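The structure appears right after this line, and notes come after that.
Readers should treat all values here as calculations from the given coordinates under stated rules, not as data from a laboratory. Keep in mind the model is a prediction, meaning the values are calculated, not measured. Please note: Cβ atoms are built from the backbone with ideal geometry, for glycine as well, and neighbour counts cover all protein chains shown.
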């Protein structure tokens, strides 16, 4: 159980680090009111109006800075993998007569009776 807790803590740390790096790189492309819009979006991430505004401002900036765009893309892929990786396919169950069936997208379901 403690191993599972450590694994969860490590995954959360990596996710937070990746998210911070992504935000830092995006903020490096923006100035003035653009940064204000991004900060407001961070406070209200479901705000579709702000999403559109930030997207409209960010798209040309990323096109002008392909290296930064690639770095951000790589960080996003890593972030996604943290939440889709096999390490998330974990279940602890204690007892002698328990049956556990667990699956993860793109991974097989195995039946084991130990």
Inset, instruction - Would you be able to tell me the number of residues in region 44-71 that are part of a helix (DSSP H, G or I) and touching a helix residue (DSSP H, G or I) at 6+ places or on another chain (Cβ under 9 Å)? - result: 13
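When only residues in region 19-39 that are part of a loop (DSSP other than H, G, I, E, B) and free of Cβ contacts under 8 Å to residues at least 12 places away in the same chain count, which is surrounded by the most Cβ atoms within 10 Å (Cβ to Cβ)? Walk me through it before giving the result.
Looking only at region 19-39, we keep the residues that are part of a loop (DSSP other than H, G, I, E, B), and these are 30-32.
Filter once more, so that each one left must be free of Cβ contacts under 8 Å to residues at least 12 places away in the same chain: 31-32.
Values: 31: 11, 32: 7.
The extreme case among them is 31.
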